[in-house]
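Participant: Take this structure first; my questions come after.
Bear in mind these aren't lab numbers, they're just calculated from the coordinates by the rules spelled out. Nothing here was measured: the structure is a model prediction, and the numbers come from that model. Don't worry about glycine lacking a Cβ; one is built from the backbone with ideal geometry, like all the others, and counts go over all protein chains shown.
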Amino acid sequence: MAVRPVIQLDNPVLRQKAKRVRAFDAKLHQLLDDMLETLEHEQGVGLAAPQIAVSQRVIIVVLPDDKEEYGDQAGAFYEVVNPEIVKISRDMVEGIEGCLSIPGYFGLVDRADSVVVQGFNRKGKEIRIKAYDWLARVFQHEIDHLDGVLYTDKAKEVWKAGEEPEWLREQYKTSNDDLPLAEDPPA
């Protein structure tokens, strides 16, 4: 396994539609292993292959093992090859997102509250995942990467870390929670 560099906005691979994976072989397994090591190194929750300059339809998602925060989805780990969203809820939820390929910025994005994702595991076996809440948001964010779409394309508002809007500061002041921006950017 190896940590691969996460590419930034200036790399055109981020804006390309990724190619479908055809071979479920040792090369794919190495890519998945490297993606996991890279994600752990970057302390993120999701990574799409284009973010490490590999234009293939591959994502991984790892939620923190915090039952209080993530409920029964805590510690969830998924490797999905050729993922597709096959069902999406009509209920939309506003949330804050960040991206390893756009460090230091965050945005307010509407996403579906739940999705069903279909794809394949590393061995080519078909899998289906029902995701809701935060996990659904992460899947939508990562699958967007496979189509060359970034969260900033969908955001209502984008800001630099430390320069979050006043309404957000007020919201967290009244709830006695820390702003979710400083340490652990989502996806």
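Participant: Using a Gaussian network model of the chain whose springs link C-alpha atoms within less than 10 Å, name the residue from GLY71, GLY95, GLY119 with the highest mean-square fluctuation.
Facilitator: GLY71
Participant: Further question: Tally Lys and Arg at +1 and Asp and Glu at -1 over the other residues with C-beta under 10 Å from the C-beta of GLN51: what net charge comes out?
Facilitator: Neighbour charge sum, excluding GLN51 itself: -1.
Participant: Could you go through the range 120-125 in sequence order and give the Karplus-derived ³J(HN,Hα) for each residue, using 6.51 cos²θ - 1.76 cosθ + 1.60 with θ = phi - 60°, rounded to whole Hz, and x for Gly and Pro?
Facilitator: 9, 7, 5, 9, x, 7
Participant: Mind putting a number on the dipole of the chain about its Cα centre? Charges go on the C-beta only, +1 for Lys and Arg and -1 for Asp and Glu, and I need it in Debye to the nearest 20.
Facilitator: So the dipole magnitude of the chain works out to roughly 1260 debye.
Participant: List the residues, sorted by chain then number, that are 5 or more residues from GLY148 or on another chain and whose placed amide H is less than 5 Å from its amide H.
Facilitator: ALA18
Participant: Karplus couplings for the range 109-116 from phi (6.51 cos²θ - 1.76 cosθ + 1.60, θ = phi - 60°), rounded to Hz, Gly and Pro as x?
Facilitator: Along the range 109-116, the couplings run 10, 7, 9, 5, 5, 8, 9, 10 Hz.
Participant: Further question: Most exposed first by the Cβ proxy, i.e. fewest other Cβ within 10 Å, how do THR38, THR152 rank?
Facilitator: By the 10 Å Cβ count, ascending, the order reads THR152, THR38.
Participant: Tell me which lysines have Cα within less than 18 Å of LYS17's Cα, excluding those fewer than 8 residues away on the same chain?
Facilitator: LYS17 reaches LYS154.
Participant: Separate question: Run down the aspartates and glutamates and flag those whose C-alpha is under 14 Å from the C-alpha of LYS67, throwing out any fewer than 8 positions away in its chain.
Facilitator: ASP133
Participant: Evaluate the relative contact order of the chain (contact order divided by residue number), counting alpha-carbon pairs under 8 angstrom at least 6 apart; express in whole percent.
Facilitator: 23 percent
Participant: Over the chain, with a Gaussian network built from C-alpha contacts below 10 Å, which listed residue (ASP33, ASP110, ASP72) shows the highest mean-square fluctuation?
Facilitator: Maximum among the listed residues: ASP72.
Participant: Please work out whether the range 1-40 counts as rounded, prolate or oblate from its C-alpha gyration tensor, where a ≥ b ≥ c are the square roots of the eigenvalues and a/c under 1.5 means rounded, while otherwise a/b larger than b/c means prolate and anything else oblate?
Facilitator: oblate
Participant: Okay, next question. Once you have a ≥ b ≥ c as the square roots of the Cα gyration tensor eigenvalues for the range 40-124, tell me rounded if a/c is under 1.5, and otherwise prolate or oblate according to whether a/b is larger than b/c.
Facilitator: Since a/c stays below 1.5, the shape of the range 40-124 is classed as rounded.
Participant: Could I ask something else about it? Using the Cα atoms of the range 1-151 to build a convex hull, what is its mean projected area in square nanometres?
Facilitator: 8.5 nm²
Participant: What does the charge count near ALA18 come to, summing +1 for each Lys or Arg and -1 for each Asp or Glu among other residues with Cβ under 12 Å from its Cβ?
Facilitator: +2
Participant: How do VAL58, VAL13, VAL81 rank when sorted from fewest to most other Cβ atoms within 10 Å of their own Cβ?
Facilitator: Starting with the residue having the fewest Cβ neighbours, the order is VAL13, VAL81, VAL58.
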